[in-house]
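Have a look at the structure below, then the notes.
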Amino acid sequence: MKIYIITEGGSDIGFGHLTRMYAVYQGFKVRGITPKFIVNGDDFVEDIIKEAECEIFDWIDNKARLFDLIKGADIAIIDSYLADKSLYEEISNIVKLPVYYDDNNRLEYPRGVVINGNIHAKDLNYPERGDIVYLLGMEYLPLRMEFWDLPEKEIRVNMESIMITFGGDDVKNMTPKVLNFLVEEYPGLKKYVIIGRGFRNIDEIEKYVDNKTFLVYHPDGKKIRDIMLDSDIAISAGGQTLYELARVGVPTIAVIVAENQIGNVKKFEELGLVENVGWWDEPLSNIKSKILKLSSYKNRKEKSDLLRERISMISEELFSEKLLKKFNSLLNLDPLSNFRKI
């Protein structure tokens, strides 16, 4: 089976799509299928997707090269905020099964498969169409392999450590602000600070380091998992990291740093899974009240148990097995069905 993963990532645009698609790649790889990456990105891309075969170029401005590479592929998986509708349409015309990862019902997609594994996916009112198959909900959420099988997280009686994570680039410069606040307000807490590859504020962050602060530069999935297991709570942006934190069972304070995180965070909050402090420019005192709430062992234990209960569906049947079964069935559809074949 010939599969291409088309996505984007870099120090200027962040690494969320790339990390998500690497999880998809890992899922297929363990089942004997090796997709090839085509990434619109910079030199940091190879550090994230490691051993995967990858072509790195601006496929938005070099469509001809993109189309030459994927023409006749069995499956092309696209995860992008940069691609417009016309590009999706052209891709749908040259591959057997086009697959679109979506977060917020972004476009009117052409024929194919739309996957949204987010917690709020079924609330987005996708239009019913005969030429699109929708795979919605957390059973279709890709998580990196480091989060497939996990030990049970220890919930300490007393809160000792906190994790700070704002993605691969910290575009809103939240890390130094939150670290400074924690150093002043909670000097006794161990603070794990995740430094992504796209961070441009490292000098500012380092100004606030105390003897309880541990800066973690460019961690891989295993390192992230281990820090989560040792963290009593986390302060996190509202993107894909929320799902990894939930999978581990880390009670989390969520900060919205982008429009596309709103639905995600609000659904997590509605289900009682995170403490939402709102937008990144809200007063840091909002964070203090949430830390106070989570300092209670009872509250942390209840939150952790609920997180693992709700996210456990991800590990019961690896999403890749489910996706491959679905893809195979679609590739073998009767040509007279509503789902048009090439």
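The values are calculated or read from the model by the stated rules, or taken from the named source; none is laboratory data. Just so it is clear, the structure is predicted and the values come from calculations on it, not from any experiment. Positions of Cβ are generated from backbone atoms using ideal geometry, with glycine treated the same way; all protein chains shown enter the neighbour counts. The protein model used for the area step is the full one, side chains on, heavy atoms only, and it has no ligands, DNA or RNA in it. Shrake-Rupley method; radii C 1.70, N 1.55, O 1.52, S 1.80 Å.
Brief remarks follow.
- Yes/no for Tyr140 being on the phi < 0 side of the Ramachandran plot, open to solvent by less than 20 Å² (accessible area, probe 1.4 Å) and in contact (Cβ under 8 Å) with a residue 60 or more places away in the chain: no
- Cβ-Cβ distances below 7 Å connect the following pairs, each with a first residue in the stretch 250-266 that is touching a residue at least 40 places away in the same chain (Cβ under 8 Å) and closer than 23 Å to Leu229 by Cα, a second residue that is open to solvent by 20 Å² or more (accessible area, probe 1.4 Å) and part of a helix (DSSP H, G or I), and a separation of six or more residues or different chains: Pro251/Lys303; Ile253/Lys290.
- Scan of the stretch 84-131 for residues that are more than 19 Å from Lys322 (Cβ to Cβ), in contact with a helix residue (DSSP H, G or I) (Cβ under 7 Å, 6 or more places away or on another chain) and hydroxyl-bearing (Ser, Thr, Tyr), ordered by number: Tyr109
- Taking the stretch 45-121 as the region of interest, the helices (runs of 4 or more DSSP H) fully inside it that hold 1 or more residues being under 22 Å from the mean Cα position of the chain (by Cα) are 45-49, 85-92.
- Condition met for Leu124 (of a type outside the set (Lys, Arg), closer than 21 Å to Ala258 by Cα and open to solvent by less than 50 Å² (accessible area, probe 1.4 Å)): yes
- Residue-level analysis places Glu244 outside the set of residues that are at negative phi and free of Cβ contacts under 8 Å to residues at least 40 places away in the same chain.
- Among the residues making up the stretch 177-203, those that are open to solvent by less than 30 Å² (accessible area, probe 1.4 Å), farther than 20 Å from Thr252 by Cβ and touching a helix residue (DSSP H, G or I) at 6+ places or on another chain (Cβ under 9 Å) are Phe199, Asn201.
- Any chance Glu108 is of a type in the set (D, E, K, R), touching a residue at least 12 places away in the same chain (Cβ under 8 Å), open to solvent by 60 Å² or more (accessible area, probe 1.4 Å) and out of contact with any Asp or Glu (no Cβ under 7 Å at 6 or more places or on another chain): yes
- Residue list for the stretch 118-131, filter: closer than 24 Å to Ala73 by Cα and either among the acidic types (Asp, Glu) or touching a residue at least 24 places away in the same chain (Cβ under 8 Å) (or both): Gly130, Asp131
Residues checked against (1) within 23 Å of Arg200 (Cα to Cα); (2) without any contact (Cβ under 8 Å) to a residue 40 or more places away in the chain; (3) among the aromatic types (Phe, Trp, Tyr):
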| position | (1), (2), (3) |
| --- | --- |
| Thr19 | yes, no, no |
| Ala64 | no, yes, no |
| Tyr81 | yes, no, yes |
| Lys85 | no, yes, no |
